[in-house]
Amino acid sequence: MTNKYMYFIANWKMNGDKKSVNLINNVVKFSKTKKNKKFKIIYCPPYTLLNLFSNKLKNTKIDLGAQNCHQKEDYGSYTGFISSKMLKNIGAKYIIIGHSENRINGETDFLINQKIKASLKNNLKIIFCIGETLIQRKKNRTNKILSKQIEKGIKGVNKKRNLLIAYEPFWSIGTGLVPKTKDLEKNINFIKDTLKNKYKLKNSKVIYGGSVNPKNVIDLKKIKTLDGFLVGNASLNAKKFIDIIKKTYN
Ligand code: PGA
């Protein structure tokens, strides 16, 4: 049982068509009936659905987020890309940056840093993803990797308060594998300590992502320092997503 303010972020990745916006009806309803609970739901649909979601989420307490952006902060000749300014304009408040599915496609720490800076300039809040691979974990390099990703990602960033860190081990995303509670707690605390000691960022928010579902959330929520969840697959199903929230508070 927790009474803590928690984030529940739905990352729809490359899923959904224009009818899918109705799949969130029950989540909208649910969010309205739970006035007493302190939590924040954020939907991050693909670019093609941002406009529909933006209209749907008007006058609700649910916020809109995007899944990535170009590193240039306004407009320009970048065929096929979207800037953080355009995302802000359509109603996004948050943006996922540094997701491992982009890192494995060549997104470097340097590029991530540029995207973070551009998005902050456009007043978006950042869901900054970090996490180690299985090989790095086996070689006991997790702390080193997390420190490096944080250092390079937030280099020269001023508005660090607007960062929400999503700890997402590569090997747990979409695999059904979840770190042991003790290990996860250690890593969450390591991230928070690093932000506090190295970057003077007290009270940082760190969420977990990777195969979160209504079953494993029962154990995950026991981690007192955790501030929420980034949910991929299970967020495509409104019932499962609502269950994750309910079970966090029950
Ligand atoms: P998953 O994805 O819940 O499907 O593992 C999480 C994420 O990639 O953010």
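The values are calculated or read from the model by the stated rules, or taken from the named source; none is laboratory data. This one's a predicted model, so the numbers in the text were calculated from it and none came from an experiment. Heads up, the Cβs are rebuilt from the backbone with ideal geometry, glycines too, and the neighbour counts pull from every protein chain shown. Remember, those area values only see protein heavy atoms, side chains included, never the ligands or the DNA or RNA. Shrake-Rupley method; radii C 1.70, N 1.55, O 1.52, S 1.80 Å.
Data for the structure
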read-out: Per-peptide average of other Cβ atoms within 10 Å, ordering 206-213, 191-198 highest first; value: 206-213, 191-198
read-out: Accessible area, probe 1.4 Å, largest first, for residues Met86, Met6, Met14; value: Met14, Met86, Met6
read-out: Linear extension gain, Thr181 paired with Ser20, 0.36 nm per residue minus alpha-carbon span; value: 54.6 nm
read-out: Cross-link pairs Lys88/Lys148; Lys117/Lys240; Lys72/Lys182 - those with Cα-Cα distance over 31 Å; value: Lys117/Lys240; Lys72/Lys182
read-out: Residues with amide H under 5 Å from that of His99, placed H, sequence gap 5 or more; value: Cys129
read-out: Cα convex hull of the range 166-250 - mean projected area over all directions, nm²; value: 5.4
read-out: Per residue accessible area in Å² of the chain, where ligands, DNA and RNA are left out and the probe is 1.4 Å; value: 51
read-out: Among Val217, Val178, Val157: highest mean-square fluctuation, GNM of the chain, C-alpha pairs under 10 Å; value: Val157
read-out: Sorted largest first, extent of the chain alpha carbons per principal axis (Å); value: 49, 45, 31
read-out: Computed [θ] at 222 nm, helices only, for the chain once each DSSP H run of length n ≥ 4 contributes -39500 (n - 2.57); value: -10500 deg cm²/dmol
read-out: Cross-link partners of Lys40 among lysines (Cα-Cα below 16 Å; sequence separation of 8 or more within a chain); value: Lys4, Lys29, Lys32, Lys58, Lys61, Lys93, Lys125, Lys205, Lys221, Lys246, Lys247
